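Heads up, the thing below is written out as structure tokens.
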Amino acid sequence: MKGKSILVTGGAGFIGSNLVDTLYKDNEVVVLDNLHTGKRKNLENAIKGRAKFVEGDAKDIKSIKGDFDFVFHLGIYSASPMYRDNPNLVGEVVHGITNVLEYCKESKIPLVFASTSSIYNGIEPPHREKVIPGVTDFYTEARIACERLGELYANLFDVNVSAMRFFSVYGYNDIGKGKYANLVTQFMVSLIKGEQPVIYGDGEQRRDFVFVTDVVDALLKASSSKGFNVFNVGTGKNYSLNEAMERLKKVTGKNIDPKYIKMPVKNYVMTTLADQSKAKKEIGFEAKVSLDKGMSLLYSSISSKE
Ligand SMILES: NC(=O)c1ccc[n+]([C@@H]2O[C@H](COP(=O)([O-])OP(=O)(O)OC[C@H]3O[C@@H](n4cnc5c(N)ncnc54)[C@H](O)[C@@H]3O)[C@@H](O)[C@H]2O)c1
């Protein structure tokens, strides 16, 4: 993408900052982020470049003046435990996306926003976009509401809206999320420190791990799609946590076994596996980075900062 004007909510976060890093050299980029989990330092290079940072909440998007071509809305509270601790975040998220959709309607611009594969909790894999989600937790209820509002704005006001169901994203800048970071990142950090990674249950739960550069590619590809669309953003391959651990031991050279603890979470997601056929057919998205490759890219990046 080149020569565009782009507003990114949540751009100081993990995925958002990777998106901004891809965009800021060739485009005008404004980031709106309330720094709930995001960090200014994720945007160091972008701010030194041409990106502008505004600290504020997504629901106050109206205060951002500009003639934008697209909005990417990633500024949505990003982990299930946050909502369990404070169920009122559901209302915050709905408030946020409603104002973002109003903004896109008034400016006649498309919206691409972060949804989640957690919507598939309890549903037999492989996961296809056309499922009826079950009722499992606050985080997914908020995201289902966002998707439905997106569809409503597309139906009523012709806003082009893409809901991106991210699977387990790992990669650069994830480390800043601490206890909310992807398991690959958390386990890698533990191994580097010489500590035992902690696994809930027996480690046979499976995840479709997708590297962040692939996620950025999917977001950009979705920005030109028309009407309302839901797209999976995964790889179509999954690994158990035990399998991921074995790979991580090799990448880090640390032969430390994980510590298994009794499953502490109710309604835990046991398996995610994306069916990528719709995203491939409709927006030409296909993940390119294998788990081994992604782990070694992440390891080099973490090691170079030590
Ligand atoms: N990382 C994953 O594996 C994954 C998987 C599925 C869905 N997602 C979704 O993708 C989005 C980005 O996730 P991430 O992994 O980069 O997490 P993140 O926590 O690093 O990013 C979220 C960013 O949004 C900001 N934010 C949160 N609420 C906001 C609000 N109301 N107004 C403005 N800014 C706000 C945070 O400060 C942060 O910078 C989130 O919505 C998350 O739920 C992520």
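The values are calculated or read from the model by the stated rules, or taken from the named source; none is laboratory data. For clarity, every value in this text was computed on a predicted model and none was experimentally measured. Using ideal geometry, Cβ is built from the backbone for each residue, glycine included, and neighbour counts are taken over all protein chains shown. What goes into the accessible areas is simple: the full protein's heavy atoms, side chains included, and nothing from ligands, DNA or RNA. Shrake-Rupley method; radii C 1.70, N 1.55, O 1.52, S 1.80 Å.
Computed values, structure above
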{"item": "Globularity ratio of region 164-222, using Cα Rg and 2.2 N^0.38 Å", "result": "1.25"}
{"item": "Lys, Arg +1 and Asp, Glu -1 on Cβ, resulting dipole of region 137-255 about Cα centre, debye, nearest 20", "result": "360"}
{"item": "Accessible-area composition of region 27-145, carbon plus sulfur, in percent [1.4 Å probe]", "result": "51"}
{"item": "Cα-only radius of gyration and Dmax that characterise the chain, units Å", "result": "18.6, 57"}
{"item": "Rg(Cα)/(2.2 N^0.38 Å) for region 16-119, N = residue count", "result": "1.08"}
{"item": "Per residue value of the accessible surface for the chain (all protein chains in place, 1.4 Å probe), Å²", "result": "46"}
{"item": "Sorted peptide list for 134-141, 246-253, 164-171, criterion being average Cβ within 10 angstrom, highest first", "result": "164-171, 134-141, 246-253"}
{"item": "Gaussian network model of the chain, springs between alpha carbon atoms under 10 Å - residue of Glu151, Glu243, Glu286 with greatest fluctuation", "result": "Glu243"}
{"item": "Most to least accessible of Asp26, Asp57 (protein chains only, probe 1.4 Å)", "result": "Asp26, Asp57"}
{"item": "Mean-position separation - Cα centroids, region 252-306 and region 99-124, in angstrom", "result": "23"}
{"item": "Cα-based shape type of region 50-96, given that a ≥ b ≥ c are square roots of the gyration tensor eigenvalues and the cut on a/c is 1.5", "result": "prolate"}
{"item": "Cα→Cβ-extended label distance, 7 Å offset, between Asn255 and Asn86, nm", "result": "4.6"}
{"item": "Theoretical gain in end-to-end length, Lys293 to Met270 [0.36 nm per residue, Cα-Cα removed]", "result": "5.9 nm"}
{"item": "Structure-based [θ]222 nm, the chain - -39500 (n - 2.57) summed over DSSP H runs of at least 4, per residue, nearest 500", "result": "-11500 deg cm²/dmol"}
{"item": "Most fluctuating residue given options Asp174, Asp292, Asp21, as computed from a GNM of the chain linking Cα atoms under 10 Å", "result": "Asp292"}
{"item": "Where Ser296, Ser190 fall by accessible area, highest first, once all protein chains stay in place (1.4 Å)", "result": "Ser296, Ser190"}
{"item": "Span-like helix ranges in the chain, DSSP H, alpha carbon extent 24 angstrom or more, Kyte mean at least 0.0", "result": "89-107, 138-157"}
